[in-house]
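Before any comments, here is the structure.
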Amino acid sequence: MDAQSLDRSEESLNQPERLIPPETLDPPDWSSVAALARRIVDDAVDHVGRARERPVWRPLPAEVEALFRAPVPEQPTPIEDVYALVKETVLAYPMGNIHPRFWSWYMGSGNFTGALGDFLAAIQGSNLGGGRHAAALTDQQVVGWLRDMIGFPETASGTLVSGGSVANLVGLTVARNAMAGIDLREEGVSALKEPLRFYASDQVHSCHRKAVETLGLGNKALRRIPTDSRYRIDLASLRAAIEEDRAIGFRPACVIGTAGTVNSGAVDDLAALAEIAAEQDLWLHVDGCIGALLSISPANAWRVKGIERADSVALDPHKWLHAPFEVGCALVRDRVKHRDAFAVSPEYLQGMSRGIASGEWLHEFGLQTSRGFAALKVWMALMEHGVAKFGRLIDQNIAQAAFLADLVRSHPPLELLTEPEINIVCFRYAPEGQSEERLKEINVEIMLRLQETGVAALSDTTIRGRHCLRAAICNHRTRLEDLNLLISEVLRLGSEVAPS
Ligand SMILES: *Cc1c(COP(=O)(O)O)cnc(C)c1O
């Protein structure tokens, strides 16, 4: 309707609905959506409860893939039909990571309460950019719980983000700005008097490269330090690199310790790194996306001793807390430095002493302005189970990895490539007399057949030049019988792919 055609008669002005006929996204009849919503919940319970009965993954038929190339719909479709389509396509062909035999890459296996939390968060609908409301308080409470779990002081700050990559970017941004020696936000990296140097082991996660590149420092600013026989950062090499850099006019700024590397689960000696950082006046950032939460596990907390001395820590509740994607967390010991790295207070986001804007502006601690309510799914699952249970589940996965390593050792021609430090097992099917190249071919084929038959999902990697299969057991649904099945299937597929 255009402005000219508006009926401005007195009669219309008294009946504004006639002037601008109302339209809304709400259903004409709430009882019909209630019935559908109940059906969706019933299906969801079934989907998660019976995950074990389905293949881990299955390939999408071409017709299904084609549906995802349909153009944006001009016309409406009844919501029942929309849901039927979602059920047949989206729900039917998942990645598989909620399945008990999914051990690829590194991710959590989700939990039903967390999914309800995501639903309720969307229903409640708040924007976590900040303000005085219950969702913002929930967010701050969850950050406080995570801070307490790793033994950070109560004065530390933190922010929930999309995941570990952004959590690391947040930590490294604060490190860069705090160690720059200039007003980096105002002057930019081109004003740096000496190039900054960051240090991490050669096993460091790829997101750190993205971070230093994004921060304008360049990939070369991240020095990869060799690792010892257990794939932990070599401390003597680290010291030597720092001294060498200082001598040629670089500015050593930050050591990144890894608590749980992706390749093999190695945990750097964090207490020693804290010593070196203190002695060399460097920022200590810990990438704890895998292992920061070892701190809550009864049997394995000792592995991350020293994490509480870091200046910043990145961790990932969507891994060992099994929150549905996404949620990561950056924690910073010095709240002022954290806020100083990001806070901007434009005229349209001023705080107030009363009303909605009288709460903390959470956007001042990171990159996003609008933020989702990821905290609720974490909050609900922690309330339901208690943190002690999550600690026991971490120990359970580590014990399962040891069990799997034992199975590998006792089943030639399987070969164990790394003694599992925590929950990651690197192994391969290695019949005698095969070249490295042929072994890679064999093991890639085994991995793909495992995925395509839907039996299990592993991924692969290469450690010190040797290709291998990799099982990362971050899964609260895995049972020992699943690992037995994995080994018998790898042996069976191995003899199929490489008959002796
Ligand atoms: C998973 C992981 C990341 C990246 O976290 P995302 O949540 O995937 O963004 C970073 N570092 C380590 C060690 C990881 O395992």
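What follows draws every value from the coordinates through simple rules; no lab data is involved. This one's a predicted model, so the numbers in the text were calculated from it and none came from an experiment. Here the Cβ positions follow ideal geometry from the backbone for every residue, glycine too, while neighbour counts run over all protein chains shown.
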Size of the stretch 116-385 along its principal axes in angstrom, Cα-based, largest extent first? 55, 47, 27
In the stretch 241-354 the DSSP beta bridges are antiparallel at a rate, in percent to nearest 5, of 35
Enumerate the calculated ³J(HN,Hα) couplings along the stretch 363-372 in order (Karplus 6.51 cos²θ - 1.76 cosθ + 1.60, θ = phi - 60°), each rounded to whole Hz, writing x wherever the residue is Gly or Pro. 5, 6, 10, x, 8, 7, 8, 6, 9, x
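If you take the alpha carbon radius of gyration of the stretch 239-349 and divide it by 2.2 N^0.38 Å, what ratio comes out, to two decimals?
Values: Rg = 16.2 Å, N = 111, 2.2 N^0.38 = 13.2 Å.
Taking N as the residue count of the stretch 239-349, the ratio is 1.23.
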Sorted largest first, the C-alpha extents of the stretch 330-443 along its principal axes in whole angstrom are 74, 36, 24
Which loop trypsin sites (Lys or Arg not before Pro) in the stretch 72-154, with loop taken from DSSP, have no more than 15 other Cβ atoms within 10 angstrom of their Cβ? Arg132
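With +1 on each Lys and Arg Cβ and -1 on each Asp and Glu Cβ, and nothing else charged, work out how big the dipole of the stretch 116-385 is about its Cα centre, in Debye to the nearest 20.
My answer is approximately 220 debye.
Across all directions of projection, what mean area in square nanometres is found for the Cα convex hull of the stretch 172-251? Could you put the intermediate results ahead of the total?
On the way: hull surface 21.0 nm².
One quarter of the hull surface, i.e. the mean projection, equals 5.2 nm².
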Projecting each Cα onto the charge dipole of the chain (Lys/Arg +1, Asp/Glu -1 at the beta carbon, about the Cα centre), which of Ile398, Val90, Trp361 comes out farthest on the positive side? Ile398
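Write down, largest first, the equivalent ellipsoid semi-axes of the stretch 63-190 in whole Å, where each equals the square root of 5 times an eigenvalue of the alpha-carbon gyration tensor. Before the final figure, lay out the partial values.
On the way: eigenvalues 284, 87, 74 Å².
Over the Cα atoms of the stretch 63-190, the semi-axes work out to 38, 21, 19 Å.
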When you take every Cα atom in the stretch 1-109, what is the radius of gyration, and what is Dmax, the widest Cα pair distance, in Å? 22.3, 70
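Which order do the peptides 250-262, 23-35, 386-398 come out in when sorted by mean C-beta neighbours inside 10 angstrom, highest first?
Details: 250-262: 25.7, 23-35: 9.1, 386-398: 17.8.
The most tightly packed comes first, giving 250-262, 386-398, 23-35.
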For a quick size check, give me the Cα extents of the stretch 320-360 along its three principal axes, largest first, whole Å. 39, 24, 15
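Could you put Trp105, Trp379 in order, starting from the residue whose Cβ has the fewest other Cβ atoms within 10 Å? Working shown, then result.
Values: Trp105 15, Trp379 21.
Neighbour counts put them in this order, fewest first: Trp105, Trp379.
Restricting to the chain, compute how many DSSP beta bridges are antiparallel as a %, nearest 5. Mind dumping the intermediate values first?
Working: 24 of 42 bridges.
Given both bridge residues lie in the chain, the antiparallel proportion sits at roughly 55 percent.
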The chain, helix-only ellipticity at 222 nm - DSSP H runs n ≥ 4, -39,500 (n - 2.57), divided by all residues, nearest 500: -12500 deg cm²/dmol
Per the charge dipole of the chain (beta-carbon charges, Lys/Arg positive, Asp/Glu negative, Cα centre), the residue among Ala301, Asn168, Ser495 reaching farthest to the positive end is Ala301
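If you rank Glu481, Glu419 by fewest surrounding Cβ atoms within 10 Å, what's the result?
So the residues, fewest neighbours to most, are Glu481, Glu419.
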Restricting to Cα atoms and excluding each atom paired with itself, what does the Kirkwood estimate give for the chain in Å? 25.3
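For the stretch 396-479, which GluC sites (Glu not before Pro) are both in a DSSP coil and crowded by at most 16 other Cβ atoms within 10 Å?
Details: sites: Glu415, Glu421, Glu432, Glu436, Glu437, Glu441, Glu445, Glu452; in loops: Glu421, Glu432.
Qualifying residues, ordered by number: Glu432.
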On the Cα set of the stretch 388-497, report Rg and Dmax in Å, please. 13.7, 48
So for Ser9, Ser104, fewest C-beta neighbours within 10 Å to most, what's the order? Ser9, Ser104
Charge dipole (the stretch 388-497, unit charges on Cβ, about Cα centre) - positive-most of Val408, Leu448, Val425: Val425
